[in-house]
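The values are calculated or read from the model by the stated rules, or taken from the named source; none is laboratory data. Since the structure is predicted, the reported quantities are computational estimates derived from the model, not experimental observations. Every residue, glycine as well, gets a Cβ built from its backbone with ideal geometry; the counts of neighbours run over all protein chains shown.
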Amino acid sequence: MTHLHTTPEADTRNLTPRSASTPQPPTPPPCAPAHVRPAALRRHLDSRLAGAARAWLDQALDEAAAHPGTHGPISVWELRLAEAGRRCGAEHADAARVLILCAARADTLALTRVYQQGTAAERRAVLYALPHLVPGPDALPLVEDALRTNDTRLVAAAVGPYAARHLDPHQWRHAVLKCLFTGVPVDAVAGLGHRAHADAELARMLGDHAAERTAAGRPVPEDLHRVLTLTDPTATPPAPATAPGPRGTDGEES
């Protein structure tokens, strides 16, 4: 994980929350691949893909289900991951790749191989697929690697439900600050309202970051104020969001 510099002298007295209303957790966009069950993703794509793209996806999923796991230097389903953007279009490629990974029942080793050898788009799909495929913290090194990059799309994918479930408090706070540093909207951070509630250390770190930006003559991002509001211990914490868990081979929860 990237360790961000903080200064203990900073305080948040000048960063009081801007609204007294109960903070609401961010809502993921419709059919965000990490937040939506594979069966719902499939229905979403079936309703939007043209005939040729839908037929290609059907075949790719059948191949992955028939030959799951890894086979030799590269599996057929891994080749299909590379084709997804061209076949399904950029708008639907993330969802298609996640479905292929789920159909292939990719384990942590297979996901790691795809992440290490794949393009940025394929790495992003691996991160989106983690909450569907990996029940424990074994894939955290992939999240940590993504958070070390300055690729904002990878960072946004890394702070999804899997990170919310498995990053320890220290790692998670630095992930939130990474979003603020790189301009990734905090709406991307799964479980933000629940995990930030009454987190005094996160509030201190936000104050330090705001003080550094102010001293450098840079504006404090609005998202920082949003997160600071969520750390207020007197606010009513939002209920934890229901994140998808690992699926069975039919795309439903195991």
Q: Only one of these is farther than 26 Å from GLU222 by Cα, of a type in the set (Lys, Arg) and touching a residue at least 60 places away in the same chain (Cβ under 8 Å): ARG148, ARG123, ARG113, ARG105. Name it.
A: ARG105
Q) Can you tell me which residues in the stretch 114-131 are over 14 Å from the mean Cα position of the chain (by Cα) and crowded, with 17+ Cβ neighbours inside 10 Å? A) VAL114, TYR115, GLY118
Q. Where residues in the stretch 132-153 are in contact with a Lys or Arg (Cβ under 9 Å, 6 or more places away or on another chain) and buried (at least 22 other Cβ atoms within 10 Å of the Cβ), which of them is farthest from LEU101 (Cα to Cα)?
A. ALA146
(Q) Just to check your reading of the model, which residue among ALA90, ALA157 is of a type in the set (A, V, I, L, M) and either out of contact with any helix residue (DSSP H, G or I) (no Cβ under 6 Å at 6 or more places or on another chain) or surrounded by fewer than 16 Cβ atoms within 10 Å (Cβ to Cβ) (or both)? (A) ALA90
Q) Can you tell me how many residues in the stretch 183-222 are within 25 Å of ALA157 (Cα to Cα) and basic (Lys, Arg)? A) 1
Q: Could you check ALA243 against (1) surrounded by 14 or more Cβ atoms within 10 Å (Cβ to Cβ); (2) modelled with pLDDT under 80; (3) more than 23 Å from HIS166 (Cα to Cα) and say which number it fails?
A: (3)
**Q.** Search result, residues across the stretch 148-167 that are of a type in the set (Val, Ile, Thr), assigned to a helix (DSSP H, G or I) and touching a Leu at 6+ places or on another chain (Cβ under 9 Å)
**A.** VAL155
**Q.** In the stretch 30-59, the residues that are of a type in the set (Gly, Ala, Ser), more than 24 Å from the chain's Cα centre (by Cα) and either under 22 Å from LEU154 (Cβ atoms) or assigned to a helix (DSSP H, G or I) (or both)
**A.** GLY51, ALA52, ALA53, ALA55
